[in-house]
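Enquirer: Here you go, one structure.
Read-outs throughout are calculated quantities, based only on the coordinates presented, and are distinct from any laboratory measurement. What you see is a predicted model, and the numbers here were worked out from it, not measured in a lab. When we count neighbours, we look across all protein chains shown, and the Cβ atoms used for this are built from the backbone with ideal geometry, even at glycine.
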Amino acid sequence: LEFGISDLELFWFGIWDLEFFQIREIVDLGYFWIIIDYFLKLRTKKFSLRVINLIENLPKSMTWKVIANQLLRSATSVGANYRSACRSRSKVEFISKIRIVEEEADESMYWLEIIKESQLIKEERISDLLKEASELTAIFT
């Protein structure tokens, strides 16, 4: 498995369902924060990779090119900006950068909803990504 931590180990640590956490609640958890940070980096990277895979399989048209570009930018920004937030020099800077992560996750959800509602792709192909975008938005809110 990636990074050497299995889903079972993450579940054992009680952080599998991170959508129940909010970022304000986990900023000052000390050692436990290291585990959460590690998991969120993995989770946001997997989200980006799954979106890339979806985009590579979208129909090739002018409309899809525009939507795919917007989705690709926002989805990959979630993980990149989260990593940037983790390198913040102060709590204020961290919270400011986390707000960017929240915005990018929410924008990703918007573009996924557009794809879903356009009905050009079957809903089951993007339902998991929509759920993940929603959960990431909730985590960083």
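Enquirer: Which of the peptides 48-58, 125-135, 69-79 is most tightly packed, and how do the rest follow, judged by the mean count of other Cβ atoms within 10 Å per residue?
Expert: Working: 48-58: 15.2, 125-135: 17.2, 69-79: 20.5.
Top of the packing list down: 69-79, 125-135, 48-58.
Enquirer: Do any of K45/K91; K41/K65; K91/K122; K97/K122; K65/K91 go past 32 Å between their Cα atoms, and which? Don't skip to the end; give the middle numbers.
Expert: Working: K45/K91 23 Å; K41/K65 28 Å; K91/K122 42 Å; K97/K122 34 Å; K65/K91 38 Å.
Over 32 Å apart, Cα to Cα: K91/K122; K97/K122; K65/K91.
Enquirer: Report the relative contact order of the stretch 34-141, percent, no decimals, based on alpha-carbon pairs under 8 angstrom and at least 6 residues apart.
Expert: Details: 96 pairs, mean separation 29.8, N = 108.
Computed value for the stretch 34-141: 28 percent relative contact order.
Enquirer: Right, another one. How far is it, in nm, from the label point at L42 to the one at V92 when both lie 7 Å from their Cα along the line to the Cβ?
Expert: Those two pseudo-labels are separated by 3.5 nm.
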